[in-house]
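Enquirer: Okay, handing you the structure first.
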Amino acid sequence: MNPVTLTFSPEIASAAPALRVAAIEASVSNPPTSDKLWDLISRTAADIAAVTELGDINKRPAIKATRDAYKALGKEPNRYRPSAEALTRRVVKGMELYRIDTLVDLINLVSLASGYSIGGFDRGKIEGDTMELGVGREGEPFEAIGRGQLNIASLPVYRDAAGGVGTPTSDNERTKLTASTSRLLMTINIYGEEMPVDDTVALAVSLLEEYACASDIRVSYFSPSTHPSTQ
């Protein structure tokens with residue numbers, strides 16, 4: 001299976017000129033989340049809650065940059081919060097995170113720690129070897145995980161050959177991670193830097209190796225300036 005190549009539409013390049021994406025592909029297992037991993041997630045959530053006020057969450061550099069991209073595209077980020085913001089709000093409010101499975105939960109951990117909204121896809125369900133990050137259209141169908149049809153108009157959206165697979169707000173049911181996922185594609189959406197990119201990738205890789213038996217790990221970096229749309 002070839003690594004996925006990412007391209008970017010002109011609209012994304014204009015709205016988010018500093019955007020970078022770190023894409024991690026790996027062969028993995030996806031068992032139920034271990035108590036050891038969940039304890040790490042719980043400690044990280046408690047540490048964030050101890051030093052973060054609710055009103056300061058959208059000032060985190062990575063979250064603010066993602067929200068700014070939404071605004072530039074015409075989307076209201078308070079109605080369609082980036083996933084990193086939604087996760088952080090949940091822990092700051094003292095609410096339990098959902099315990100889902102190893103891959104989803106470790107992605108949420110990296111997102112909480114870094115401030116970046118992160119996509120997690122079953123590579124075997126991605127149609128083709130190229131995805132484009134473009135902008136959602138009015139009426140474009142998108143079945144968000146656990147949310148039903150999501151209005152993705154004016155949201156950044158990854159598309160494969162069959163349609164939309166992910167946004168910073170929610171990923172699509174069609175390509176979601178399940179217990180049978182054996183090849184992961186993780187996209188770390190860096191609209192503005194907070195945790196250093198290399199540190200974020202290193203954290204993700206170490207967690208994948210320890211908890212998801214990751215092997216054949218491939219890391220690629222993409223940006224609008226180096227990988228524009230070919231359309």
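Enquirer: Return the pairs, sorted by first residue and then second, in which the second residue is surrounded by fewer than 16 Cβ atoms within 10 Å (Cβ to Cβ) and not aromatic (Phe, Trp, Tyr), the first residue lies in the range 94-108 and is within 10 Å of Ile41 (Cβ to Cβ), the beta carbons are less than 7 Å apart, and the residues are 6+ apart or on different chains.
Expert: Pairs found: Asp105/Arg99.
Enquirer: Going by what's in this entry, would Ile188 be described as in contact (Cβ under 8 Å) with a residue 60 or more places away in the chain, open to solvent by 10 Å² or more (accessible area, probe 1.4 Å), among the hydrophobic types (A, V, I, L, M, F, W, C) and in contact with a helix residue (DSSP H, G or I) (Cβ under 8 Å, 6 or more places away or on another chain)?
Expert: So Ile188 fails the test.
Enquirer: Related question: Please go through the range 21-45 and pick out each residue that is open to solvent by 60 Å² or more (accessible area, probe 1.4 Å) and either among the acidic types (Asp, Glu) or under 18 Å from Ala113 (Cα atoms) (or both).
Expert: The answer is Asp35, Lys36, Asp39, Arg43.
Enquirer: Please find, within the range 143-184, the residue that is nearest to Ser215 (Cα to Cα) out of those that are over 16 Å from the mean Cα position of the chain (by Cα) and open to solvent by less than 10 Å² (accessible area, probe 1.4 Å).
Expert: Thr181
Enquirer: Could you list, in sequence order, the residues of the range 191-224 that are open to solvent by 60 Å² or more (accessible area, probe 1.4 Å), out of contact with any Ser or Thr (no Cβ under 7 Å at 6 or more places or on another chain) and over 18 Å from Ala62 (Cβ atoms)?
Expert: Within the range 191-224, Glu209, Glu210, Arg218 meet the criteria.
Enquirer: Considering only residues of the range 15-35 that are out of contact with any strand residue (DSSP E or B) (no Cβ under 9 Å at 6 or more places or on another chain) and touching a residue at least 40 places away in the same chain (Cβ under 8 Å), which is nearest to Pro156 (Cα to Cα)?
Expert: Pro17
Enquirer: Return yes when Arg79 is over 30 Å from Val135 (Cβ atoms), of a type in the set (Lys, Arg), outside any helix (DSSP H, G or I) and open to solvent by 20 Å² or more (accessible area, probe 1.4 Å) and no when it is not.
Expert: No; evaluated as a whole, the condition is false for this residue.
The values are calculated or read from the model by the stated rules, or taken from the named source; none is laboratory data. Since we're looking at a predicted model, the values are computed, not measured. Cβ sites come from the backbone with ideal geometry, for glycine too, and all protein chains shown count toward neighbours. Keep in mind that these areas ignore ligands, DNA and RNA; they rest on the heavy atoms of the full protein, side chains included. Shrake-Rupley method; radii C 1.70, N 1.55, O 1.52, S 1.80 Å.
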